[in-house]
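Asks: Before I ask anything, here is the structure I am working with.
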Protein chains: 2
Amino acid sequence: MATIKDVAKLAGVAISTASYALNNSAKISAATRKKVEEAARSLNYQKNGFASDLKRTQTKTIVLILSDLSGPYYSELIKGVQEVTSANGYDLIACSSIGGQQSTAVKFLKEKRADGVVVLAHNITDEVILDSARPDFPIVVLDRNLQHDHVIQVEVDNTEGARMATNYLLDRGMKEIAYISGPNNSHDNERRLSGYREALEKRHVPFSSRLKISGDFTRDSGYFSTKMLIAQQHLPEAVFFANDEMAIGGLQAFAEKGIRVPDDISVIGFDDIQLSEYVSPPLTTIRQPKYEAGALAVHLIFQVLAGEKVEDHYNLSTELIERSSVKNHSYSR
Amino acid sequence: MATIKDVAKLAGVAISTASYALNNSAKISAATRKKVEEAARSLNYQKNGFASDLKRTQTKTIVLILSDLSGPYYSELIKGVQEVTSANGYDLIACSSIGGQQSTAVKFLKEKRADGVVVLAHNITDEVILDSARPDFPIVVLDRNLQHDHVIQVEVDNTEGARMATNYLLDRGMKEIAYISGPNNSHDNERRLSGYREALEKRHVPFSSRLKISGDFTRDSGYFSTKMLIAQQHLPEAVFFANDEMAIGGLQAFAEKGIRVPDDISVIGFDDIQLSEYVSPPLTTIRQPKYEAGALAVHLIFQVLAGEKVEDHYNLSTELIERSSVKNHSYSR
DNA sequence: CTGTTAGCGCCTTCAG
DNA sequence: CTGAAGGCGCTAACAG
């Protein structure tokens, strides 16, 4: 690998001159620049990115941490992140947090290999984030509640969304509503559960722990939870799945048992993933403003990078998407 | 940010001692090591990744270049890449090639910011790849044909897949088969088209350019191409979409016009993306061994990193997935 | 406009 | 086992 030294030597100039020329500094004559450029080309010179990062102390990149690169992303969210990042002339790289403390993600966080990071990976511990947060290193978390001076929290209003979902069912006369939950350690799940319980309570419908079944946000867990539900003697009138993936698994379980949705039972999901529109029946669900969340996250990073003050908590609201998985027998109201 | 120097000073040892201690070198006494570790902790020391990369010249990371981080990936492929990478103790990062020559992707390629790279991004030019290829920098391309000593090509057998698709239709007595193509500059598309033409030719079915409509692999283009097809007076018996995304767009166009699939027209896709199973009707398509392709790609990278010799071209075969979008009126054969 | 020079933070011989 | 010193490749004052 040729270094800038070689280029300078070949071009017959000083190293700094070569560096300036290669970095399009204004203070180099066209002739010298050309000479340097030719030397560089002929040596097939490529600068060593690490060396220049080391000097610059600025990477011009922001990293997005995902729990699984191949996972069912919120691709809209990523798009938001991506667009805002590149609109600001920054690079975006994504890395996965698989592997716990040894993961690439943790390395990026701890070693500050980027100018800012957005986290959407439940398997990154709060501790790592807290450890890494520093005044000049903005971290925005999209998936948890974290109080710290230098971490910013962007959250969609899960509680309100769950309340909407539950009320929608309640409004249609259903009272027995099962809740298939996400993993217990999930902040999102916890908020959704409390939205569900609040809505029930407000209408004086008792919460029954028999109707709360634990899943883990995967399609399979939705499938098996639903099987369990079916195995109980008595089917509820509706089921609220804490996310769409599980709802889709649930739909499959119902289909296999010949239970018709929404005629025999209503189902509602949460997230509005792409698939939801295509399953049968199309899933009624709560949409999260995913693009907005991603875009806002990066926006905030740039604001703090620019030395501006920002809030440490943002709340985005959800929307109910009405499709065909909920039976409509609301006659009056 | 505390540096190793600060740690050494606080621990009352030399810098090198601190470095050794922190890197678990054998030649440090337990007592000293403990002292150093404590100093590091109390200073909240984090090593500067760039500086150490600069020295080490090895990054222990491989990068996956995607045309669009939020795009409809082949998540199976990514999973293959991810698993093999982490099984080898390497980090994986993904970056997008949006932005052409200024993209993060190009930077990674040219500046050798990783030990190896796998490319799945049609918008990266061959030239950039060729420029970056070096004996010690394995690049494997999954989406193009590229002859170069230091780039490895893994490819699924698009031609054979397209041939299978076409024959499947032909076998069912259909002769008028439209082909909705991908972008002209796509290598995959080109191979699929030629598989289609070969199959036709072999059965002495004339190729009609009227039946070849240009799309660009997006759902929208499938939708609009199909509209164009419908607008022509006479509907063919079947249409072969060069990928599933377009087929799904096509299905929608047919549905809007009240044209029933497969009763009025048969459709077949290519890729077998996740959605294909869920659309209505479920799409018959050609599955690519995506996980295998991704896993193989990274495998090969590690082989060359280990100094082993590898082929420069690998071909993976496809499989026909029979679902319900093709009418079955094959009586005999 | 160009060359000299001093580090960026870390790792690693090489002597003690 | 430890300390001093050199250097990875590049950038950015600072002088000419």
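The values are calculated or read from the model by the stated rules, or taken from the named source; none is laboratory data. All values derive from a computational prediction rather than experimental measurement. Here Cβ is always computed from backbone atoms with ideal geometry, including for glycine, and neighbour counts include all displayed protein chains. Heavy atoms of the whole protein, side chains included, go into the accessibility calculation; ligands, DNA and RNA do not. Shrake-Rupley method; radii C 1.70, N 1.55, O 1.52, S 1.80 Å.
Asks: Per residue, how much accessible area does the range A:235-333 show when a 1.4 Å probe rolls over the protein heavy atoms, in square angstrom? Write down the numbers at each step before the final one.
Replies: On the way: 4310 Å² over 99 residues.
With all protein chains present, the range A:235-333 gives 44 Å² per residue.
Asks: If you count only protein heavy atoms with a 1.4 Å probe, what accessible area per residue comes out for the range A:1-118, rounded to a whole Å²? Walk me through the numbers on the way to the answer.
Replies: Working: 5470 Å² over 118 residues.
Per residue, the range A:1-118 has 46 Å² of solvent-accessible surface.
Asks: Sticking with this structure for a sec: Under the Karplus relation 6.51 cos²θ - 1.76 cosθ + 1.60, θ = phi - 60°, what is the ordered set of whole-Hz ³J(HN,Hα) values for the range A:145-156, x standing for Gly and Pro?
Replies: After applying 6.51 cos²θ - 1.76 cosθ + 1.60, I find 10, 8, 9, 6, 4, 10, 10, 10, 10, 10, 9, 8 Hz.
Asks: Something else: Using r as the Cβ-Cβ distance of B:ASN24 and A:ARG134, and R0 as 25 Å, what FRET efficiency do you calculate, to the nearest 0.05? List each step's numbers first, then the result.
Replies: Numbers: r = 26 Å, r/R0 = 1.03.
After rounding, the FRET efficiency stands at 0.45.
Asks: Can I ask one more? Which cross-chain or sequence-distant (5 or more) residues have an amide H under 5 Å from the amide H of B:ASN315, H modelled 1.01 Å from N in plane?
Replies: Close amide H contacts, sequence-distant or interchain: B:GLU155.
Asks: Right, here's the next one. Using modelled backbone amide H atoms (1.01 Å from N, in-plane), which distant-in-sequence or interchain residues come within less than 5 Å of B:ILE321's amide H?
Replies: Excluding prolines and chain starts, which carry no amide H, the hits are B:THR285, B:ILE286, B:ARG287.
Asks: Shape verdict for the protein assembly as shown, please, from the Cα gyration tensor: rounded (a/c under 1.5), prolate (a/b greater than b/c) or oblate.
Replies: Here the protein assembly as shown falls in the oblate category.
Asks: Right, another one. Over chain B, what is the mean sequence separation of C-alpha contacts under 8 Å (at least six apart), divided by residue count, expressed as relative contact order in percent? Display every interim value, and only then the final one.
Replies: Details: 620 pairs, mean separation 54.9, N = 333.
After rounding, I find 16 percent.
Asks: Distances in nm, one decimal, shortest first, from B:ARG210 to the same residue in every other copy, taking the label point 7 angstrom along Cα→Cβ.
Replies: Reported distances to equivalent positions: 6.7 nm.
Asks: Can you compute the modelled spin-label distance between B:ASN88 and B:MET1, with each label point 7 Å from Cα toward Cβ, in nm?
Replies: Distance between label points: 2.8 nm.
Asks: At 7 Å along Cα-to-Cβ for each site, give me the label-to-label distance between A:ASN184 and B:VAL310 in nm.
Replies: Placing both labels 7 Å beyond Cα along the Cβ direction yields 4.4 nm.
Asks: If you don't mind, another one. Pick from A:LYS47, A:LYS110, A:LYS257: which is most flexible by mean-square fluctuation in a GNM of chain A where alpha carbon atoms under 10 Å apart are linked?
Replies: A:LYS47
Asks: Could I ask something else about it? Can you tell me the FRET efficiency between B:SER16 and A:ARG56 if r is taken as the Cβ-Cβ distance and R0 is 22 Å, rounded to the nearest 0.05? Working shown, then result.
Replies: Working: r = 26 Å, r/R0 = 1.20.
About 0.25, to the nearest 0.05.
Asks: In chain A, what percentage of the DSSP-assigned beta bridges are antiparallel, given to the nearest 5? Numbers along the way, then the final one.
Replies: On the way: 4 of 37 bridges.
Among the beta bridges of chain A, antiparallel pairing accounts for roughly 10 percent.
Asks: Still on this structure: With every protein chain present, what accessible area does A:TYR223 have (1.4 Å probe, heavy atoms only), rounded to the nearest 10 Å²?
Replies: Rounded to the nearest 10, the figure is 40 Å².
Asks: I've got another one for you. The range A:157-187 to the range A:9-78: how many Å between their Cα centroids?
Replies: Using only Cα atoms to place each centre, the spacing works out to 51 Å.
Asks: Let me ask you something else. Given the pairs B:LYS175/B:LYS290; A:LYS107/B:LYS290; B:LYS60/B:LYS107; A:LYS9/B:LYS107, which are separated by over 20 angstrom at their Cα positions? Walk me through the intermediate numbers first.
Replies: Values: B:LYS175/B:LYS290 30 Å; A:LYS107/B:LYS290 28 Å; B:LYS60/B:LYS107 17 Å; A:LYS9/B:LYS107 25 Å.
Pairs exceeding the cut-off: B:LYS175/B:LYS290; A:LYS107/B:LYS290; A:LYS9/B:LYS107.
Asks: For B:ARG56, which inter-copy label distances result when the label point lies 7 Å beyond Cα on the Cα-to-Cβ vector, reported in nm to one decimal and in ascending order?
Replies: List, nearest first: 2.1 nm.
Asks: Please give the residues from the range B:1-38 for which the solvent-accessible area of heavy atoms, probe 1.4 Å, is smaller by at least 30 Å² with all protein chains in place than with the chain isolated.
Replies: In the range B:1-38, residues shielded by partner chains: B:MET1.
Asks: Relative to the longest principal Cα axis of chain B, at what angle does helix B:187-202 sit, 0 to 90 degrees, rounded to 10?
Replies: Roughly 30 degrees, rounded to the nearest 10.
Asks: In degrees between 0 and 90, to the nearest 10, how far off the longest principal axis of chain A does helix A:219-231 point, with axes built from Cα atoms?
Replies: Its long axis makes an angle of about 10 degrees.
Asks: Using a Gaussian network model on chain B with a 10 Å cutoff between Cα atoms, which of B:LEU251, B:LEU66, B:LEU211 fluctuates the most?
Replies: In this elastic network of chain B, the residue with the biggest mean-square fluctuation among B:LEU251, B:LEU66, B:LEU211 is B:LEU211.
Asks: If you roll a 1.4 angstrom probe over the protein chains with everything in place, what fraction of the accessible area of chain A belongs to carbon and sulfur, to the nearest %? Don't jump to the answer; show the numbers that get you there.
Replies: Working: 7260 of 14920 Å².
The value for chain A is 49 percent carbon and sulfur by accessible area.
Asks: For B:MET174, A:MET1, write out the residues from largest to smallest accessible area, computed with a 1.4 angstrom probe and no ligands counted. Could the numbers behind the result be given before it?
Replies: Details: B:MET174 5, A:MET1 130 Å².
Largest accessible area first, the residues go A:MET1, B:MET174.
Asks: Enumerate the aspartates and glutamates that B:LYS202 could reach by cross-link, defined here as Cα to Cα under 20 Å, with residues fewer than 8 away along the same chain left out.
Replies: Those aspartates and glutamates meeting the cut-off are B:ASP157, B:GLU160, B:ASP171, B:GLU176, B:GLU190, B:GLU237.
Asks: May I pose another question? Using only the alpha-carbon atoms, how far is helix B:75-87 inclined from the longest principal axis of chain B? Give it as 0 to 90 degrees, nearest 10.
Replies: Tilt of helix B:75-87: around 30 degrees.
Asks: Can you list the lysines whose alpha carbon is less than 20 Å from that of A:LYS227, not counting same-chain residues fewer than 8 positions off?
Replies: Hits, sequence-local ones excluded: A:LYS212, A:LYS257.
Asks: I've got another one for you. Suppose you put the label 7 Å out from Cα in the Cβ direction; list, shortest first and in nm with one decimal, how far B:ALA14 is from each other copy's label.
Replies: 3.4
Asks: Roughly how large is the B-A contact in terms of buried accessible area, totalled over both chains, probe 1.4 Å, nearest 100 Å²? It would help to have the intermediate numbers written out before the result.
Replies: On the way: alone 16820 and 16800 Å², together 29840 Å².
The B and A chains share an interface burying roughly 3800 Å².
Asks: Can you classify the range B:61-191 as rounded, prolate or oblate using the Cα gyration tensor, where a ≥ b ≥ c are the square roots of its eigenvalues, rounded means a/c under 1.5, and otherwise it's prolate if a/b beats b/c and oblate if not? Mind showing how you got there, number by number?
Replies: Values: a/c = 2.21, a/b = 1.92, b/c = 1.15.
Note, shape of the range B:61-191 comes out prolate.
Asks: Please state the relative contact order of the range B:250-333 as a whole percent: Cα pairs under 8 Å, 6+ residues apart?
Replies: Details: 90 pairs, mean separation 31.9, N = 84.
After rounding, I find 38 percent.
Asks: Here's a follow-up. Cut-off 10 angstrom, C-alpha nodes, Gaussian network model of chain B. Which of B:ALA114, B:ALA231, B:ALA295 fluctuates the most?
Replies: Answer for the Gaussian network model of chain B: B:ALA231.
Asks: Along the Cα→Cβ direction, 7 angstrom out, place labels at B:ASP263 and B:ASP149. What is the inter-label distance in nm?
Replies: The two pseudo-label positions are separated by 6.4 nm.
Asks: Where the centre of each part is set by its Cα atoms, how far does the range B:235-274 sit from the range A:267-290, in angstrom?
Replies: A separation of 23 Å, based on Cα centres.
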